[in-house]
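Asks: Below is one structure. I have some questions about it.
The values are calculated or read from the model by the stated rules, or taken from the named source; none is laboratory data. All figures in this text were calculated on a predicted structure; none of them were measured in a lab. Positions of Cβ are generated from backbone atoms using ideal geometry, with glycine treated the same way; all protein chains shown enter the neighbour counts. Note: areas computed on protein heavy atoms with side chains; ligands, DNA, RNA excluded. Shrake-Rupley method; radii C 1.70, N 1.55, O 1.52, S 1.80 Å.
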Amino acid sequence: MNNSPKLFLLFSLYFILQCFCFFQSGSYTDIIPYATAELGQSQSHGAWTNGFFFLGQGLGLLMATPLSLRYGRKKTVLFFSSFLAASSLFCAWAPDFYLFLGGRFLQGLSCGLLIINSQSLMFENTPDPWRVFPLMLGAVASVLPFTIGPSLGGYGKEYWGREASSWRYWFYGTALLFVILSFLFHILFKETEAVAKKKPWDWAGFILLFLSLGAAQTIFNMGDDYEWFISPIIKFLFLLGIGCLLSLFVVELNRKNPFIPVRLFLRKNFFIGSLCLTVGFLFFYGLWTTLLVRLQNQNLFPPHRAGTLFVGMALFSTPISFLLPRLAGKMRSPLYAFIVFVLLGVLYTWMGYFDFYQKRWFWMQSPLIFVIQGIALGLFFIPLTNLIISGLCPKNQLQAIELSSSMRIIGQGWASPIIGTILYHRIVFHKMRLDEWLHAGHPYLMEYYSKFKEQGIGREIALKILDQSALSHAFILSLNDAFRFCGIGFLVLSGVILLAKERRDQI
């Protein structure tokens, strides 16, 4: 295994697998409008497909270690790599939207298991002097979906196949790739640990967690199409989710080997770190995916052009993510995390003051904005992870990382529906205000109608054109509100981070 070419090949395979596990969300996001349209759904259902993917991925992260201890890491990686290929083919062939949702959930479950277990398998097959490299490569792979991922999916959509169905080729390509990776993993990797004695699976904890998270994901998904406060379906799901969540905590506190180590939430550093990691990344990902999709829906950007705007984020996020794990033990985690959150808070608040006449259209026209976001993205994970595991023994550190990572992934699934719902309500609010201001007797309307009349355009058509212009204006104002909301949220979270104190003693 000390053979350098073979080790380089192992690192390359591991990096490709990690990248494409993460790309199943980042690259797919750029083709959401086309997938939902062909499957016969409105664009408000686009976030459902990523939401259930992240739900599966979050559960997969929690299931990874128990399954690898029962069946061995290599067998687990090979099985779920093949299963990911099969679920990708299922998505490509799915004729129905809800079957497609099921395929996306299975994709996410496989990706979550592969992300954790492939890293553990890579550690076991790597000599001691090189064991930091899997961490560094994994960190880079985790940020690439937000930088080059959209371009990869966008160019695939633009240049593969027919306009109506070319998005399906992304899933065909994924299936072929993971079939090849499964074969190469079988040949090159070896199982270096004996399979541990099987422990009883915590079915009660798993089912309660699935029901509570499934209810929450469905509630957020329905925010664009139903009114949260008056829908009987949402009220039922809310009560179901709360009941299952409370039962989960009661059940898991009394178990010797719980599916969820809920006692970690009693640790202040873990609670603060995981809360800021989850909510902070929810804000970031919600704005990221909303901007990416809305550029296509409202501004009629082709997918590859919309994705290209985000490539500037890779300029600093990639090298920072690659080098930062080496410095992880030397940094003051709360201070670094505080600086990152203040930077994002100021940036998003600034971006929220968009000028309708395009004098200050920073979030689209200035590459500097994406470069700054890339710097913040590269610095985002390591300080918070250090804070989460500070004061914990190695066994509890592994559990804390898996649980906090799962929370972050599940938060990503909530991000797009939450930001989308904010936009939906704010668009209606701003549109009503514009309609109230531009009443029937407004002098501007008479001048507006006369200009169209001179061109031979009737009053009814002119009114439709004006209404469409007002709707576009309302969309811009609502997007401003979303950026300001998230910017203020980051500033509040930066204050919460200061309540934590890094500890060196282990429990």
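Asks: Going through TYR28, TYR34 one at a time, which residue ends up being within 26 Å of TRP288 (Cβ to Cβ), open to solvent by 10 Å² or more (accessible area, probe 1.4 Å), at pLDDT below 85 and of a type in the set (Ser, Thr, Tyr)?
Replies: TYR34
Asks: Looking at (1) outside any loop (DSSP other than H, G, I, E, B); (2) in contact (Cβ under 8 Å) with a residue 24 or more places away in the chain; (3) within 30 Å of ILE260 (Cβ to Cβ), which is the only condition LEU491 fails?
Replies: Against the list (1) outside any loop (DSSP other than H, G, I, E, B); (2) in contact (Cβ under 8 Å) with a residue 24 or more places away in the chain; (3) within 30 Å of ILE260 (Cβ to Cβ), LEU491 comes up short only on (3).
Asks: Hey, does the range 65-80 have a residue that's under 19 Å from the mean Cα position of the chain (by Cα), assigned to a helix (DSSP H, G or I) and aliphatic (A, V, I, L, M)?
Replies: no
Asks: Does SER472 count as in a helix (DSSP H, G or I), of a type in the set (Ser, Thr, Tyr) and open to solvent by 50 Å² or more (accessible area, probe 1.4 Å)?
Replies: The answer is yes for SER472.
Asks: Just give me the residues in the range 112-140 being touching an Asp or Glu at 6+ places or on another chain (Cβ under 7 Å) and modelled with pLDDT of 80 or more, in sequence order.
Replies: Across the range 112-140, the qualifying residue is only ILE116.
Asks: Filter the range 63-93 for residues that are crowded, with 24+ Cβ neighbours inside 10 Å and either touching a residue at least 60 places away in the same chain (Cβ under 8 Å) or within 15 Å of LEU17 (Cα to Cα) (or both) and give the result.
Replies: Within the range 63-93, ALA64, ARG73, THR76, VAL77, PHE80, SER81, LEU84, SER88, CYS91 meet the criteria.
Asks: Which condition breaks for PHE146 when tested against (1) at pLDDT below 80; (2) open to solvent by 20 Å² or more (accessible area, probe 1.4 Å)?
Replies: PHE146 satisfies every listed condition except (2).
Asks: Is it fair to say GLY243 is in a helix (DSSP H, G or I), at pLDDT 90 or above and under 30 Å from GLN397 (Cβ atoms)?
Replies: no
Asks: Checking GLY72 against (1) at pLDDT 85 or above; (2) on the phi > 0 side of the Ramachandran plot; (3) not aliphatic (A, V, I, L, M), which single condition isn't satisfied?
Replies: With respect to (1) at pLDDT 85 or above; (2) on the phi > 0 side of the Ramachandran plot; (3) not aliphatic (A, V, I, L, M), GLY72 is out only on (1).
Asks: Then there is this: If a residue has to be modelled with pLDDT under 70 and part of a loop (DSSP other than H, G, I, E, B) to count, how many in the range 431-463 make the cut?
Replies: Total satisfying the criteria: 4.
Asks: ALA86 fails exactly one of the following numbered conditions: (1) over 18 Å from the mean Cα position of the chain (by Cα); (2) at pLDDT below 90. What is the number of that condition?
Replies: Looking at each condition in turn, ALA86 falls short on (2).
Asks: Here is a further query. With (1) open to solvent by less than 40 Å² (accessible area, probe 1.4 Å); (2) modelled with pLDDT under 80; (3) under 19 Å from THR36 (Cβ atoms) as the list, and GLY161 as the residue in question, which single condition is left unmet?
Replies: (1)
Asks: For PRO394, only one of the following conditions fails: (1) at pLDDT below 80; (2) open to solvent by less than 20 Å² (accessible area, probe 1.4 Å). What is its number?
Replies: Failed condition: (2).
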